[in-house]
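The values are calculated or read from the model by the stated rules, or taken from the named source; none is laboratory data. Note that the coordinates shown come from a computational prediction; the quantities given were computed from them, not determined experimentally. Cβ: placed from backbone, ideal geometry, glycine included. Neighbour counts: every protein chain shown.
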Amino acid sequence: MRKNKFKSSKFHKIIFTISLFVVLFIGAITYKHIDDVSTSSKQIMHTYEVNLELERLFSYIKDSENSMRGFLITNESIYLNPYYTANSNINQSFSTLKKLTSDNKKQQKNLNELYEIIKKRLDYNGQYSDPDVSKHIEDTKKFKKDFFKSSKLLVAIRNKINEMADLESSYLKKRNSLYNEQISFTPVLTLSILFITILLIVYSYYKTNKDLERLKEINNSLNKSIFLNSQAEILSSFGTWEWNLITHVTTYSDNFYRILGYEPHSFPSTNDNFLTFVHPEDKEIVLEIMSKVVKEENLPPSTFRIIRSDGEIRFFRATGKLFDEKLKSKTVLGVTHDITDEINNNLLLKKNIEDLKKVNNELEIFDESSKQAEILGNYGSWVLNFENNKFIYSDNNFRLMGYEPQSFEPTIENLLLHVHEEDKEIVIEANEAALSNDEIPTMNYRIIRKDGEVRRFKTVAKSFIDLSGEESIIGTTQDVTEDYYKSKLLKERNLELEQNIKELNEFNHVASHDLQEPLRKIQTFISRLNDKEKENLSDFGKDYLSRIQRASDRMRILINDLLQYSRTNRGDKNFNNVDLNEVLANSLLELSQNIEDRKANIQYDSLQVIKGVEFQMQQLFTNLISNSLKYSKENEVPKIVIKYKKVKAKNEAILKDNSNRVYHRIRFKDNGIGFEQENAEKIFLLFNRLHGKTEYQGTGVGLAICKKIVENHNGYIFASSEPNKGSIFTIYIPKS
Amino acid sequence: MQKDYILITLADDDEDDRLFFTDAFDELKINTVVNTFKDGRELLDFLHHPESVLPNIIFLDLNMPILNGIDCLKEIKKSDKFNDIAIAIYSTSSSDQDVENTFVLGANIYIKKPSDFNTLKKVLSEVVTINWQYHTSGLNKDNFLLRL
């Protein structure tokens, strides 16, 4: 704010005073001029009067002369009367003239001279004014002389009067010019002064206007700053207050009420009222502040709690200053700040820092453990920074190459020095890919270690953008030499195994197929013997023959089962839609004789269409149902219940799979002889039998085939049982 | 010439099987004349011989030396001359592949050699008494394999 804002009023005063003086001056000047002009005009008038009187005087003299002449000529005393009147008039006129010219010594002197001349003239005339004397005219000589003299005097008078009139004329001339001078000068002066005055007034009006504008501006900015102040108070939640120590009047700013939780001016602003808000434990602090602030000029900021109108406890920080003279009264000005949020933020910050410390600590632990892991796992990690094209290697990355940690500068050139000649291209290409932002392929290459040993390395890398937005590539390099050889061996073994299995399957098929032929012949011959030669045999022979027949029958079954097993082994993966309802119906049809014989009770749910190999599913169902029929209790009607449910893997504990994969679950439950649960896995093994050959017919292939089929369908089969209580076979086939 | 017997030929390398085959027909009360050959080549030579009387039914074993059943079947089906001869596959195997192959190649029936003489008799009598015209017209994969 400008300090010279009061200067203008001083200026105004000066302008005003000057204007006043000018007006007064103009008045005085004008008055003097008017006075001068009137004096001039009076003097002119005076001159005219003098001239007139002179004329009159001369005319009286002429009258007296004329009268005298009349008397003298006529000798009639009648002419004497005007003569006397003229004389007294002369005297009167003379005295008037004397009076008129009393201020003018020159005219006075002239007048005196005139008086002398007039007196001499009158004296001559007087000698002849006596009627008696008139007779003396006869004395012509004297008269003639006197008359001459008197005529001469008259001329002298005329001259004198003319002289005087001339003098007065010269005066008049002089005065007239003076008067004219004054008359012409006065309006110029008056006008010019008036003009200056108007200028001054206009200027001061302009100045005043400008001041008013500035005042308005100042007022505006004042209003603005008041508004800003109140907004600032609201925004940063503080209030201001004023405490007059003399009058003991306290005033609060609007926001002071608000931070206490009230509408502005909703209660009287007194210190006692304020104290009711203060937290009971902090009342002491506030009272101390109040007592201190009265004595000390500056109050250090102090913090205390208040209880707001809504009951919330808030932290306030107050500070005040005592102003003694500046405000012309002993007044404390103060600011009270609601610092609750600040305190909370500080607490939060503190907590964040603690959390950060914790995380940091964990990171350190993690770092340490990852270092250990690198050593244990035979791998190293590295970072390639895009900005400066520099590598950072982990300690173990150096060790992998046979070096002490950080013993050489990790650059692509130094790395290539160690790469096997034949594999350099791989590394160079991968590095180029990384630098050109392409996908970085997994690299498999050989490294010649410092000690000369060739090791096989595998590197995977990924571009990575850190929190600051810097892009880099982080990679992991593993020494996979052992794994490489192991997997190489494994591959070879696998190949061997595949070959073996293939041969085995071929063998299985061919063997069972070729075995069938002699067996069939044996059986045909047995049947021929039975038909044609049985009667010729002894009882022993008959018994042996029937034993041969049973053995050959069994062999047939075995061979058939084996054939079937080898057929499922082929792993037909041509999956089609298979309607299990149809499959079940076919199986029941296939086993209808058996079912009828056993009078079995079979119940089943409606099944679903699955993806699978139809003949295998047929085999599966037939095997399971015939299995249940086979191992049914002799003295009980076999009961088989087939149930279907669509399930999720995570809900089936036995699958040990927590995913949401959906399975078709089909359960075959029977009331047969069952088995010990411990054998639940054994029964699916090839040629594994739990019962004697004679008790229950079976080759131990049927369930093995079932398992094979289910596994071909990527499913699972489980058995659960209890002796004499029946068994449950559960199949899980994945949905699609 | 109206024949009053059915002429039957068998090509099988197994002597025992040939024996069962002829024995079975001997015991059957059907008027048949049975000729047997040791392999496909012998059979074809016979068939192609101008003086040969063509059989009504040929029984073909699949697994034979020199010329096996499948190749033999192909040969027979090449010639229109043999169109009227019914061909029965007579094999130990009943693998899907064999059944399918022979069906596609135009055999009329597939018989799995039984392991019981009485069953053999039954099967052969069945085959011989089939109305071939009727059977062939409705032939499909399902009734191709003879089941008893």
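Taking A:Thr524 as the residue in question, decide whether it is within 9 Å of chain B (Cβ to nearest Cβ) and out of contact with any Cys (no Cβ under 7 Å at 6 or more places or on another chain).
Yes: the conditions hold for A:Thr524.
Taking the residues in region B:91-109 that are outside any helix (DSSP H, G or I) and within 12 Å of chain A (Cβ to nearest Cβ) as candidates, determine which candidate is nearest to A:Ile548 (Cα to Cα).
Restricting to residues being outside any helix (DSSP H, G or I) and within 12 Å of chain A (Cβ to nearest Cβ), the top hit is B:Thr92.
Residue by residue, here is whether (1) of a type in the set (Gly, Ala, Ser); (2) exposed (fewer than 15 other Cβ atoms within 10 Å of the Cβ) holds:
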position: B:Asp45; (1), (2): no, yes
position: B:Pro50; (1), (2): no, yes
position: B:Asp80; (1), (2): no, yes
position: B:Asp98; (1), (2): no, no
position: B:Ile109; (1), (2): no, no
position: B:Ser115; (1), (2): yes, no
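Do we have B:Glu75 as among the charged types (D, E, K, R), away from every other protein chain (no Cβ under 14 Å) and under 14 Å from the mean Cα position of the chain (by Cα) here?
Judged against the criteria, B:Glu75 is not a match.
What number of residues in region B:119-133 are within 8 Å of chain A (Cβ to nearest Cβ) and basic (Lys, Arg)?
Summing the residues that are within 8 Å of chain A (Cβ to nearest Cβ) and basic (Lys, Arg) in region B:119-133 gives 0.
Where in region A:216-326 are the helices (runs of 4 or more DSSP H), entirely inside, with at least 2 residues that are more than 14 Å from A:Asp338 (Cα to Cα) and among the hydrophobic types (A, V, I, L, M, F, W, C)?
Helices (runs of 4 or more DSSP H) meeting the threshold: A:271-275, A:283-295.
What tally of residues in region A:678-718 results from selecting those that are of a type in the set (Gly, Ala, Ser), modelled with pLDDT of 80 or more and out of contact with any Leu (no Cβ under 8 Å at 6 or more places or on another chain)?
Of the residues in that region, 3 qualify.
Taking region A:357-386 only, how many residues are among the hydroxyl-bearing types (Ser, Thr, Tyr) and outside any strand (DSSP E or B)?
We begin by selecting, within region A:357-386, every residue among the hydroxyl-bearing types (Ser, Thr, Tyr); these are A:369-370, A:379, A:381.
Narrowing the set further to residues that are outside any strand (DSSP E or B) leaves A:369-370.
Qualifying residue count, region A:357-386: 2.
State yes or no: is A:Lys599 basic (Lys, Arg), away from chain B (no Cβ under 14 Å) and in contact (Cβ under 8 Å) with a residue 24 or more places away in the chain?
On the way: basic (Lys, Arg): yes; away from chain B (no Cβ under 14 Å): yes; in contact (Cβ under 8 Å) with a residue 24 or more places away in the chain: yes.
Yes.
Looking at (1) modelled with pLDDT of 90 or more; (2) surrounded by fewer than 17 Cβ atoms within 10 Å (Cβ to Cβ); (3) not in a strand (DSSP E or B), which is the one condition that is false for A:Ile526?
A:Ile526 satisfies every listed condition except (2).
I need a count of the residues in region A:546-583 that are within 14 Å of chain B (Cβ to nearest Cβ), more than 14 Å from A:Leu620 (Cα to Cα) and not polar (S, T, N, Q).
So the answer is 14.
Among the residues in region B:110-118, are any over 19 Å from B:Thr22 (Cβ atoms), assigned to a helix (DSSP H, G or I), in contact (Cβ under 8 Å) with a residue 12 or more places away in the chain and more than 12 Å from every other protein chain (Cβ to nearest Cβ)?
no
Under 21 Å from A:Arg399 (Cα atoms) and among the hydrophobic types (A, V, I, L, M, F, W, C): which single residue out of A:Ala461, A:Ala433 fits that description?
A:Ala461
Consider A:Glu498 carefully, then state whether it is farther than 30 Å from A:Asn378 by Cα, of a type in the set (Asp, Glu) and within 14 Å of another protein chain (Cβ to nearest Cβ).
no
Which condition does A:Asn688 not pass, out of (1) free of Cβ contacts under 8 Å to residues at least 40 places away in the same chain; (2) assigned to a loop (DSSP other than H, G, I, E, B); (3) surrounded by fewer than 14 Cβ atoms within 10 Å (Cβ to Cβ), if it passes all the others?
(3)
Given the criteria at pLDDT 90 or above and more than 13 Å from chain B (Cβ to nearest Cβ), does A:Glu492 qualify? Break it down stepwise before answering.
On the way: at pLDDT 90 or above: yes; more than 13 Å from chain B (Cβ to nearest Cβ): yes.
When the stated conditions are applied, A:Glu492 passes them.
Does B:Thr36 satisfy being β-branched (Val, Ile, Thr), crowded, with 18+ Cβ neighbours inside 10 Å and within 14 Å of chain A (Cβ to nearest Cβ)?
no
Given the criteria under 30 Å from A:Phe457 (Cα atoms), out of contact with any Phe, Trp or Tyr (no Cβ under 8 Å at 6 or more places or on another chain) and of a type in the set (A, V, I, L, M), does A:Leu515 qualify?
In short, no.
Which of the residues belonging to region B:1-31 are more than 13 Å from chain A (Cβ to nearest Cβ) and touching a residue at least 60 places away in the same chain (Cβ under 8 Å)?
Scanning region B:1-31 gives B:Ile6, B:Ile8, B:Leu10, B:Ala11, B:Phe25, B:Leu28, B:Ile30.
Can you name the condition, by its number, that A:Glu506 falls short on among (1) part of a helix (DSSP H, G or I); (2) away from every other protein chain (no Cβ under 14 Å); (3) farther than 30 Å from B:Leu19 by Cα?
Result: A:Glu506 passes all but (2).
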